[in-house]
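The values are calculated or read from the model by the stated rules, or taken from the named source; none is laboratory data. Predicted, not measured: the structure shown is a model, and the values here were computed from it. No Cβ is skipped: glycine too gets one built from the backbone with ideal geometry, and neighbour counts run over all protein chains shown.
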Amino acid sequence: MDDPSVPLTPADRLGASRRRFLALAGAGASGTALAACATGGGSSSGSDGSDAGGGDVADGGAEKTKDNPFGVKPDAAVDVVIFNGGYGDQYAKDAGEGYKKLHPDADVQVSSTVNIQPELQPRFIGGTPPDLFDNSGAQNMNQSALISEKKLAQIEALLSAESIDGGTVEDSLLPGATAPGTYSGKLYALNYVYTVFALWYSAKEFEERGWSAPTTWDELMALGETAKGAGQALFAWGGQNAADYFQELALSIAIKQGGVEVQKNLDKLDAKAFEQQSIVDAYNAMQDAITAGYFLPGGAGIKHTEAQTQWVTGKAVMYPSGSWIENEQRGVTPEDYRMTGSPVPLLSSDAKLPFEAIHGTAGEPFFVPAQAKNGAGGLEFLRVMLSKEQCENFAKITSSPTIVKDTIPDDAFGSTALASVNSMIAAAGDNVFHFNFNDWYGMGPDLKPLWTEFINGDKNADQVREESQKLIDAIREDDSIEKFDVQ
């Protein structure tokens, strides 16, 4: 057990996260099993000594055909767990109905939760994980630890399978869709949603006031001063999740300023990653906004959804977030708000990437556990989710695109947010970037508090950078932590 009286280093915390995966719910597992799993990075074995996972998904046991590429047995039950967050869970329930149409005799269980780790951890340890799960949200599982412990199956077979709409699944996907789920050349996750990170605002408000979406940092600060004079804040923020969105904003600005090498140095855990000049400049710029009073006060004491409500009800004029934001705020956003996204502004005129460049990536990762009872059914559920019918349904009810091509109509189902996402994707072209280090190494629990303190005025930009660098240094120097290749 970790001694609570001894402060943990960042690497200790990551190691503790791995041990908690194995031990937190250990009441239902034998001491022998826990001891076998806690050796970090080695293969796990079942009680009969056979390999417990980490390889390909096992065949379902029935004959493989074009219409049943994974050999799913007609009456095999399938168990799917969904994160019920910004995208809700209706899309998954609808996909469950689609699965039933293909396999009428199957018992399809689609459950949802916001507590992925607390609820699934005991099932993994007990050897009864679901057949497919959506590892998202603030309480997601440490996926790098799961991969290292061989608790997740490789799912390349999904890509070569026949799509429900014809051709292969891989042929139906947007370019780069599988990159975020690929770890050192092996596909473990299917990230279902194409997410664009942007600055969001009310097109109605901006038009009425004669404002334009800022394209430079100076324009953004000028807007902050104008909003302040009108009794509004430039930004709302709340709790660690919303603070994390501002870290994303700062890093995206830095990458646009310094180019993709900035992102690669972060993902490589470079010894001077947070000393890169564009990151120094972006963090200093963020401090200027904090010092100028452009953030609503009191954010440290509220949830991010409360901050988002402050924003859409007029207390702030902009908000950095992913393209799930319209759906997440659907219940409280005024009907005539016309939520719209814009790429983050350029720090200076000599930025390496153009204003149109976006932080875009496939998100909402779905995994098939290595010990799933019906892993083939998990893959089949994903194949159903990747049909045009289900992707169009997802976009319609969530105002967000999936990773499947050509599933958004020109009218974007009447969503200004979704229409702006499509416009940003088209304008960006190949100027799309993404950073992985945070997700690869489960750094959120350590980085988020730094940004809460930063925006709250308890730390300055230099302190946040220095402490962030210490976090990645500790991970880089810890040989017990598996590192992933940077492409």
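Please specify each residue of segment 253-290 satisfying the condition of being in a helix (DSSP H, G or I), of a type in the set (S, T, N, Q) and without any contact (Cβ under 8 Å) to a residue 24 or more places away in the chain.
Asn265, Gln277
Return the residues of segment 167-176 that are modelled with pLDDT of 95 or more and assigned to a loop (DSSP other than H, G, I, E, B); say none if nothing qualifies.
Within segment 167-176, Gly167, Val169 qualify.
Looking at segment 435-448, is at least one residue of a type in the set (Phe, Trp, Tyr) and modelled with pLDDT of 95 or more?
no
Can you find even one residue in segment 17-39 that is within 28 Å of Gly185 (Cα to Cα), of a type in the set (A, V, I, L, M, F, W, C) and at pLDDT 50 or above?
Within segment 17-39, not a single residue is within 28 Å of Gly185 (Cα to Cα), of a type in the set (A, V, I, L, M, F, W, C) and at pLDDT 50 or above.
Would you confirm whether any residue within segment 147-157 is without any contact (Cβ under 8 Å) to a residue 12 or more places away in the chain, assigned to a strand (DSSP E or B) and farther than 26 Å from Pro445 by Cα?
No, segment 147-157 contains no residue that is without any contact (Cβ under 8 Å) to a residue 12 or more places away in the chain, assigned to a strand (DSSP E or B) and farther than 26 Å from Pro445 by Cα.
Any residue at all in segment 447-460 that is in contact with a Ser or Thr (Cβ under 6 Å, 6 or more places away or on another chain) and more than 30 Å from Pro334 (Cβ to Cβ)?
We begin by selecting, within segment 447-460, every residue in contact with a Ser or Thr (Cβ under 6 Å, 6 or more places away or on another chain); these are none.
No, because not a single residue in segment 447-460 is in contact with a Ser or Thr (Cβ under 6 Å, 6 or more places away or on another chain) and more than 30 Å from Pro334 (Cβ to Cβ).
Within segment 288-337, work out how many residues are closer than 27 Å to Ser136 by Cα and basic (Lys, Arg).
Looking only at that region, the number is 2.
State which residue pairs qualify: first residue in the same structural domain as Gln247 (by TED's automatic domain parsing) and inside segment 449-467, second residue assigned to a loop (DSSP other than H, G, I, E, B) in any location, beta carbons under 8 Å apart, and separation of 6 or more residues or different chains.
Matching pairs, first to second residue: Leu450/Lys459; Glu453/Lys459; Phe454/Asn460; Ile455/Trp237; Glu467/Lys459.
Can you pull out the residues in segment 212-236 that are more than 31 Å from the chain's Cα centre (by Cα) and part of a loop (DSSP other than H, G, I, E, B)?
Result: Ala230, Gly231.
Condition check ((1) in the same structural domain as Ile397 (by TED's automatic domain parsing); (2) at pLDDT below 95; (3) under 18 Å from Trp237 (Cα atoms)) across all residues:
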residue: Gln276; (1), (2), (3): no, no, no
residue: Val280; (1), (2), (3): no, no, no
residue: Asp288; (1), (2), (3): no, no, yes
residue: Phe295; (1), (2), (3): no, no, yes
residue: Gln308; (1), (2), (3): no, no, yes
residue: Trp311; (1), (2), (3): no, no, yes
residue: Ile325; (1), (2), (3): no, yes, yes
residue: Thr333; (1), (2), (3): no, no, yes
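Checking Gln487 against (1) of a type in the set (S, T, N, Q); (2) touching a Ser or Thr at 6+ places or on another chain (Cβ under 9 Å); (3) modelled with pLDDT of 95 or more, which single condition isn't satisfied?
That leaves (3) as the condition not met.
Take the conditions under 16 Å from Glu380 (Cβ atoms) and either assigned to a helix (DSSP H, G or I) or at pLDDT below 95 (or both) and apply them to Ala138. Does it pass?
no
Here is a yes/no grid of residues against (1) surrounded by 15 or more Cβ atoms within 10 Å (Cβ to Cβ); (2) in contact with a helix residue (DSSP H, G or I) (Cβ under 6 Å, 6 or more places away or on another chain):
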| site | (1), (2) |
| --- | --- |
| Asn265 | yes, yes |
| Lys268 | yes, no |
| Ala271 | no, no |
| Ile279 | yes, yes |
| Tyr283 | yes, yes |
| Asp288 | no, no |
| Thr291 | no, no |
| Tyr294 | yes, yes |
| Gly301 | no, no |
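Of the residues Gly442, Gly414, Gly429, which single one is buried (at least 20 other Cβ atoms within 10 Å of the Cβ) and at positive phi?
Values: Gly414 fails: buried (at least 20 other Cβ atoms within 10 Å of the Cβ); Gly429 fails: buried (at least 20 other Cβ atoms within 10 Å of the Cβ).
None of the other options fit; the residue is Gly442.
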